[in-house]
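> A single structure is presented below for examination.
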There are 2 protein chains.
Amino acid sequence: MKLRDIGEFGLIYKVTAPFMDELPEGWTGVGDDCAVIPTTPGRVQVVTTDMLVENTHFILANTTPEDLGYKALAVNLSDIAATGATPRSAFISLAIPTHVEVEWISRFYAGLHELATQSGTLLLGGDTTRSPGDLVISITIFGDMAAADVKLRSLARPGDLVCLSGTIGDSPAGLRLLLDGVYDDTNPDHRALARMHHRPRPHLEEGLWLASHPAIHGMMDVSDGIDSDLRRIMEQAKVGMEIHLDALPISPQLQRVCREQGWDAAHLAATGGEDYCLVCTIDAQAFPRISQDFSHHFGTLLKAIGRVTSQPETFSYTCNGAAVTLAGHGFDHFT
Amino acid sequence: MKLRDIGEFGLIYKVTAPFMDELPEGWTGVGDDCAVIPTTPGRVQVVTTDMLVENTHFILANTTPEDLGYKALAVNLSDIAATGATPRSAFISLAIPTHVEVEWISRFYAGLHELATQSGTLLLGGDTTRSPGDLVISITIFGDMAAADVKLRSLARPGDLVCLSGTIGDSPAGLRLLLDGVYDDTNPDHRALARMHHRPRPHLEEGLWLASHPAIHGMMDVSDGIDSDLRRIMEQAKVGMEIHLDALPISPQLQRVCREQGWDAAHLAATGGEDYCLVCTIDAQAFPRISQDFSHHFGTLLKAIGRVTSQPETFSYTCNGAAVTLAGHGFDHFT
């Protein structure tokens, strides 16, 4: 069987099933943003690891080394945010093609160090080795948190409202401007979208704040696009999803650029990926108070975009109250 | 500057220097087998991470998937052994070329799982992604131990005896038989050497035992060959080394194969690498008692092969009491 026939998520579950049965009570392994390891009473360590491969996740010609270092750390910190933890330390391994200059590597680490300092993450080590082919980056991050606050995808409940901690679609729009060759450096909207693609902000403060609320049940970060990511929550929590495309939070700059380029903003926002805000499911009764407090605290919206239903494997979209379908899905590395 | 001009170790120190100054008291980062993170009073967590790249560290045609999975975990467990810790959990990330079959991946995980079970290591997660080029494996392992028992390379002291927990040269001889095309599957010596190359045994029990002895100061695992590895101890501890080539522990099968193939056993043993036994430095007065206890406990020799000197940057070999030089060095991924 080829990988493209089973897909990334099918592969992970197939090969790791024998290990997952061995986990002690209170431990979480494969299948969520982070693994959860009990440490002292009431506290847990959370761990996440991600591998970024040249020409799959990034193209060297399209990024500065500083931006790539920054983003490589950001996407891992986003998983820490999605669990509600505080990042503590990171390990970075690189497989480096021989044509890459030492100067490039130093600038990569400078970008990484910038975000590490901002987020209070200590860089503790890693590995560097020669690659006969592509550049590969592997990052592992540890965080810690109160055991009672851990948010997992599996905790989403029917009736919960599905909410986003920020706008979506900016990052994929920035990438599309660059890939389509229509990026205009003199256009502030273009620059803003490209920056969201190159330097996504992990929602660490939002994750910590949201995790402290028991009425917030499931949480994950938006990495592959909500059309793909919410299906992960569905699988883990055995629930369904009903998402209102007209409720998706779209930034003013994305709206302007979509008009300018003739793009469908809702489609881009739902399927694009790499936005790295958080999506969480909240008890419907608690939502008004929590969203008000969120706005007071962060000055931004916690936007409800739909609800969790009790129909497993059923994902539906509406627009202005009518059922609609969305062509195409989020990103799967193997398909 | 090109990577080949600075080398793997030069690169690591150059790019990570800004981070290492930020570490709190009691933490250890880049530059040893494991990073050390204080947890509860008197205990530390140790972490190691390694990246293995196709055609740099392994050739798919020369290994079974089970052996590769086993070895990928073994080389990381060896770093845990070198610090004296007990392994607890592991994360595995794979960048997978599209031509690799799901069956291959399952067999890879089966080999990995075999050693994970043997060593009491829980597999907690990781990442899988598509690679447009080579197969890349990144593994991160956590262990824990008493803070007082942590063995670092920097702890070697002048006057210490340099000792090995096992024989060296078997693994590189096995590789050479395979690469030279002279491997004979009907020859038991060939099979033994090839097995040492494909399924190295991390010296976890030895590491734990050695770490409990305060008279043992510096410790690391033999991964690049002692000619290269002992220079790492020299750099970290600011000491010199005097190694007796005639004292290197060489297995009977390696002696026979070297006679058969016309190879220099001492050269292969000193420079070959991938043996994954431990090299430690022991207070000379305590050595007779410790080596006797070691033999009683493990039924194998803790072999003294030379001594630590007070002359930094001075590495010398002797053979039967006379100074000798050794052509060639251990392995550096960038040179």
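The values are calculated or read from the model by the stated rules, or taken from the named source; none is laboratory data. All values derive from a computational prediction rather than experimental measurement. Glycine gets a Cβ as well: all are built from the backbone with ideal geometry, and neighbour counts include every protein chain shown.
> Check A:C277 against each of (1) in contact with a strand residue (DSSP E or B) (Cβ under 9 Å, 6 or more places away or on another chain); (2) loosely packed, with under 15 Cβ neighbours inside 10 Å and name the one condition it does not meet.
Here A:C277 clears every test but (2).
> So A:S138 passes all but one of these: (1) assigned to a strand (DSSP E or B); (2) surrounded by fewer than 20 Cβ atoms within 10 Å (Cβ to Cβ); (3) small (G, A, S). Which condition number does it fail?
(2)
> Here is a follow-up. Quick check on segment A:325-333. Is at least one of its residues more than 14 Å from chain B (Cβ to nearest Cβ), out of contact with any helix residue (DSSP H, G or I) (no Cβ under 7 Å at 6 or more places or on another chain), under 20 Å from A:H244 (Cβ atoms) and at pLDDT below 95?
Yes.
> Additional query: Test A:L152 against the stated conditions and say whether it is of a type in the set (A, V, I, L, M, F, W, C), at pLDDT below 90 and more than 30 Å from B:G133 (Cβ to Cβ).
Answer is yes for this residue.
> Every residue in segment B:230-285 that is assigned to a helix (DSSP H, G or I) and among the charged types (D, E, K, R), please.
Listed by number, the residues that qualify are B:R231, B:R232, B:E235, B:D246, B:R256, B:R259, B:E260.
> Just need a number here: residues in segment A:149-201 that are touching an Asp or Glu at 6+ places or on another chain (Cβ under 8 Å), free of Cβ contacts under 8 Å to residues at least 12 places away in the same chain and either closer than 26 Å to A:A304 by Cβ or not in a helix (DSSP H, G or I) (or both).
0
> Kindly indicate the residue of segment A:186-212 that is among the aliphatic types (A, V, I, L, M) and touching a strand residue (DSSP E or B) at 6+ places or on another chain (Cβ under 9 Å) and also surrounded by the fewest Cβ atoms within 10 Å (Cβ to Cβ) among those meeting that condition.
Only one residue tops the list, namely A:L208.
> Continuing with the same structure: Please enumerate the residues belonging to segment A:70-82 that are out of contact with any His (no Cβ under 9 Å at 6 or more places or on another chain) and either at the interface with another protein chain (Cβ under 7 Å from one of its Cβ atoms) or of a type outside the set (A, V, I, L, M) (or both).
A:N76, A:D79
> A further question on this structure: Take segment A:83-129 and flag every residue that is without any contact (Cβ under 8 Å) to a residue 24 or more places away in the chain, part of a helix (DSSP H, G or I) and more than 7 Å from chain B (Cβ to nearest Cβ).
A:T117, A:Q118
> Quick check on my filter: what residues within segment A:158-175 are in contact with a Ser or Thr (Cβ under 7 Å, 6 or more places away or on another chain) and buried (at least 24 other Cβ atoms within 10 Å of the Cβ)?
Those that are in contact with a Ser or Thr (Cβ under 7 Å, 6 or more places away or on another chain) and buried (at least 24 other Cβ atoms within 10 Å of the Cβ): A:D160, A:V162, A:D170.
> How do the pairs read when you match residues in segment A:130-148 that are more than 9 Å from chain B (Cβ to nearest Cβ) and under 27 Å from A:I59 (Cα atoms) with residues anywhere that are in a loop (DSSP other than H, G, I, E, B) and among the polar types (S, T, N, Q), using Cβ under 8 Å and keeping only pairs 6 or more apart or on different chains?
A:I141/A:T121
> Can you find a residue in segment A:159-167 that is in contact with a strand residue (DSSP E or B) (Cβ under 6 Å, 6 or more places away or on another chain), within 14 Å of another protein chain (Cβ to nearest Cβ) and of a type in the set (D, E, K, R)?
no
> Then there's this: Take segment A:15-60 and flag every residue that is crowded, with 16+ Cβ neighbours inside 10 Å, part of a helix (DSSP H, G or I) and at pLDDT below 75.
Those that are crowded, with 16+ Cβ neighbours inside 10 Å, part of a helix (DSSP H, G or I) and at pLDDT below 75: A:V15, A:T16, A:F19, A:M20.
> Let me ask something else. What are the residue pairs meeting all of these: first residue in segment B:282-299, first residue on the phi < 0 side of the Ramachandran plot, second residue surrounded by 15 or more Cβ atoms within 10 Å (Cβ to Cβ) and assigned to a helix (DSSP H, G or I), Cβ atoms under 7 Å, and 6 or more apart or on different chains?
Close Cβ pairs (under 7 Å, with a partner that is surrounded by 15 or more Cβ atoms within 10 Å (Cβ to Cβ) and assigned to a helix (DSSP H, G or I)) amount to B:I282/B:I290; B:H297/B:W209; B:F298/B:E206.
> Here is a further query. Collect the residues in segment B:147-197 that are of a type in the set (S, T, Y) and more than 16 Å from B:M219 (Cβ to Cβ), keeping them in residue-number order.
B:T167, B:S171, B:Y183, B:T186
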